[in-house]
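**Q** Structure in structure tokens, see below.
Computed from the coordinates by the stated procedures, all read-outs in this text should not be read as laboratory data. Quick caveat, the model's predicted, so the values are computed rather than measured. Heads up, the Cβs are rebuilt from the backbone with ideal geometry, glycines too, and the neighbour counts pull from every protein chain shown.
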Amino acid sequence: MIAIGRPTLSRAVWSVLSDSAIERISIPMRGLEASNPTRDAHVVGDIVASRPATAGEKEEWVKPWVMAGRSAQQGALDCLLPPPPDLEAAVSDDPATRNAFATAEMSLMRRRVTRWEMALALWEATWPHDRLVLGASRMIREADTIVGSKNIPVFANRGLSGIDGTISTARGIAHAASASGASGITRVLLGDLAFLHDVGSLLREPQLEHPSRVHLFVANDGGGSIFDGLEVAQSASTEDRDRVLFTPHDVDLEALAGAYGWAYLRVVSMGELTDALGRSDSHLIIDVGLDRA
């Protein structure tokens, strides 16, 4: 395994980096500490390319990795998502078959949004002319599990206080893109606590023009459910854990949106999420209701 820089998000990647049975090469970036948790990886300093790789060499080395990645992602999709309806049934000569297709398709659109599907939907709706900002919430881990490779600009704050400033970061990215003449939408995928931590950044000065478009997709499960899956969840009683870590809330996001002059949508089904992704509002908050589990 070759690690360039210091990956800090994926526990799966960090687990591989900690496996002494695997040959690991760590290349630190910008003078930062190498990714070497067990202190037995081969750390490489400055690297100088002897020559550019040929087209044939790139395909020979890169293509197997790309294909393996796509295969792994498809396997994850097959396990995590419901099967799509049979498209051939939509044009069947049998009315009962067509009706069954319509029923199945309607059922898929009416089903409740899950975190995996929310992350995947935003990923698929974002194109190179857009921007995607991932908040330091449970959702960035869900995205790490479900999405594949795609040539789109993705941003995230790093560090122990990454939950702070997500909205202001996204608005800065959107403003910079607009100032440079870029089009598209800056979409933000964040949890409800990350949203509430930076709610003051919703403020829009009435004297200033705001040509950039920012859409905040808030995964609202009533608190910090990310802690339910971490080791710290075993350190206290359910009551204490909920009060201190989950930090439940009943904030009215629609009222907040109205107070700051943002458009607002409440979403609970996949059909509603699909419609929300097609909106062209300047500043929009999409409140996606999720179960805690």
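**Q** Treat every Asp and Glu Cβ in the range 115-289 as -1 and every Lys and Arg Cβ as +1, leave all other atoms uncharged, and give the resulting dipole magnitude about the Cα centre to the nearest 20 debye.
**A** 620
**Q** Something else now. Does the range 1-79 come out rounded, prolate or oblate by the C-alpha gyration tensor, with a ≥ b ≥ c the root eigenvalues, rounded set by a/c under 1.5 and, if not, prolate when a/b is larger than b/c and oblate if not?
**A** Since a/c reaches 1.5 but b/c is at least a/b, the shape of the range 1-79 is classed as oblate.
**Q** When the dipole is taken about the Cα centre of the range 1-64, and only Lys, Arg (+1) and Asp, Glu (-1) are charged at their Cβ, what size is it in debye, to the nearest 20? Walk me through the intermediate numbers first.
**A** Details: 8 positive and 8 negative charges, 43 e Å.
With only Lys, Arg, Asp and Glu charged at Cβ, the dipole is about 200 debye.
**Q** Could you tell me which residue out of Val251, Val268, His210 lies farthest along the dipole of the range 187-293 toward its positive end? Charges go on the beta carbon: Lys and Arg +1, Asp and Glu -1, centred on the Cα centre.
**A** Final value for the positive-end residue is His210.
**Q** Let me ask another. Looking at the range 157-193, which trypsin sites (Lys or Arg not before Pro) are in a loop (DSSP not H, G, I, E or B) and have at most 15 other Cβ atoms within 10 Å?
**A** Passing sites in the range 157-193 are Arg158.
**Q** How much length would be gained if the chain were fully extended between Asp86 and Asp281, taking 0.36 nm per residue of separation minus their Cα-Cα distance, in nm to one decimal?
**A** 66.8 nm
**Q** Please list the non-local residues whose amide H lies under 5 Å from the amide H of Arg131, H modeled 1.01 Å from N, same-chain partners needing a gap of 5 or more.
**A** Under 5 Å from the amide H of Arg131: Ile185, Thr186, Arg187.
**Q** What does the extension gain come out to for Val48 and Arg112, with contour length at 0.36 nm per residue minus their alpha carbon separation?
**A** Net length gain for the segment: 17.9 nm.
**Q** Moving to a separate point now. Applying 1/(1 + (r/R0)^6) with R0 = 30 Å to the Cβ-Cβ distance of Ala233 and Ala76, what FRET efficiency is obtained, to the nearest 0.05?
**A** Details: r = 24 Å, r/R0 = 0.80.
Efficiency, from the Cβ-Cβ distance: 0.80.
**Q** Something else: Over all distinct Cα pairs, what is the inverse of the mean 1/r for the range 24-126, reported as the Kirkwood hydrodynamic radius in Å?
**A** About 19.1 Å for the range 24-126.
**Q** Here is a follow-up. How large is ³J(HN,Hα), in whole Hz, for each residue of the range 248-264 in order, when computed from phi with the Karplus curve 6.51 cos²θ - 1.76 cosθ + 1.60 and θ = phi - 60°, using x for Gly and Pro?
**A** Coupling constants for the range 248-264: x, 9, 9, 5, 7, 5, 5, 5, 4, 4, x, 5, 9, x, 9, 5, 9 Hz.
**Q** For the chain, which longest stretch is free of loop sites, where a loop site is one of the GluC sites (Glu not before Pro) that DSSP puts outside H, G, I, E and B and that has at most 16 other Cβ atoms within 10 Å?
**A** 34-208
**Q** Hey, what do the phi angles of the range 223-240 turn into as Karplus ³J(HN,Hα) couplings, whole Hz, using 6.51/-1.76/1.60 and θ = phi - 60°, x for Gly and Pro?
**A** x, x, 5, 4, 6, 5, x, 9, 4, 4, 5, 8, 8, 8, 5, 4, 4, 5
**Q** Just name one of Met118, Gly69, Ala49: the one whose Cα is farthest towards the positive end of the charge dipole of the range 45-126 (beta-carbon charges, Lys/Arg +1, Asp/Glu -1).
**A** It is Met118.
**Q** I've got another one for you. Rank the residues Trp116, Trp14 as a footprinting-exposure proxy: fewest other Cβ atoms within 10 Å of their Cβ go first.
**A** Arranged by neighbour count, lowest to highest, Trp116, Trp14 become Trp14, Trp116.
**Q** Then there is this: Taking only Cα atoms and a 10 Å spring cutoff, compute GNM fluctuations for the chain and point out the largest among Met118, Met29, Met109.
**A** Met29
**Q** Give the residue list of trypsin sites (Lys or Arg not before Pro) in the range 94-154 that are DSSP loop and have at most 14 other beta-carbon atoms within 10 angstrom.
**A** Answer in residue order: Arg111, Lys150.
**Q** Taking H as built 1.01 Å from N, whose amide H comes closer than 5 Å to the amide H of Ile285, not counting residues under 5 places away?
**A** Amide H to amide H, under 5 Å and 5 or more residues apart or across chains, Ile285 pairs with Leu216, Ala263, Tyr264, Leu265.
**Q** Still on this structure, I have one more. Mind sorting Ile173, Ile286, Ile152 by how few other Cβ atoms lie within 10 Å of their own Cβ, fewest first? It would help to have the intermediate numbers written out before the result.
**A** Numbers: Ile173 19, Ile286 28, Ile152 14.
Going from sparsest to densest Cβ surroundings: Ile152, Ile173, Ile286.
**Q** With just the Cα atoms defining each centre, how far is the range 228-276 from the range 194-225? Give it in Å.
**A** The range 228-276 and the range 194-225 have Cα centres spaced 14 Å from each other.
**Q** Mean residue ellipticity at 222 nm from the helices of the chain, using -39,500 (n - 2.57) per DSSP H segment of n ≥ 4 over the full residue count, to the nearest 500 deg cm²/dmol?
**A** One gets -11000 deg cm²/dmol as the mean residue ellipticity at 222 nm.
**Q** Here is a further query. Taking the Cα centre of the chain as origin and charging only Cβ (+1 Lys, Arg; -1 Asp, Glu), how large is the dipole, in debye to the nearest 20?
**A** 740
**Q** Can you give me the orientation-averaged projected area of the convex hull built on the Cα atoms of the chain, in nm²?
**A** The number I arrive at for the chain is 21.3 nm².
**Q** Taking R0 as 41 Å, what FRET efficiency do you get between Trp14 and Val268 from their Cβ-Cβ distance, rounded to the nearest 0.05? Write out the running numbers ahead of the final one.
**A** Numbers: r = 34 Å, r/R0 = 0.83.
So the FRET efficiency works out to roughly 0.75.
**Q** Search the structure for amide H atoms under 5 Å from the amide H of Val113, placed 1.01 Å from N in the peptide plane, and list their residues when 5 or more places away or on another chain.
**A** Ser269, Met270
**Q** Here's something else I'd like to know. Restricting to Cα pairs below 8 Å that are 6+ residues apart, what does the relative contact order work out to for the range 190-293? Please round to a whole percent.
**A** Details: 121 pairs, mean separation 39.4, N = 104.
Taking the mean separation of contacting Cα pairs over the length of the range 190-293, I get 38 percent.
**Q** Tell me, what HN-Hα J-couplings in whole Hz come from the Karplus equation 6.51 cos²θ - 1.76 cosθ + 1.60 at θ = phi - 60° for each residue of the range 38-49, using x for Gly and Pro?
**A** Whole-Hz 3J(HN,Hα) from phi for the range 38-49: 9, 6, 10, 7, 8, 8, 10, x, 5, 10, 10, 6.
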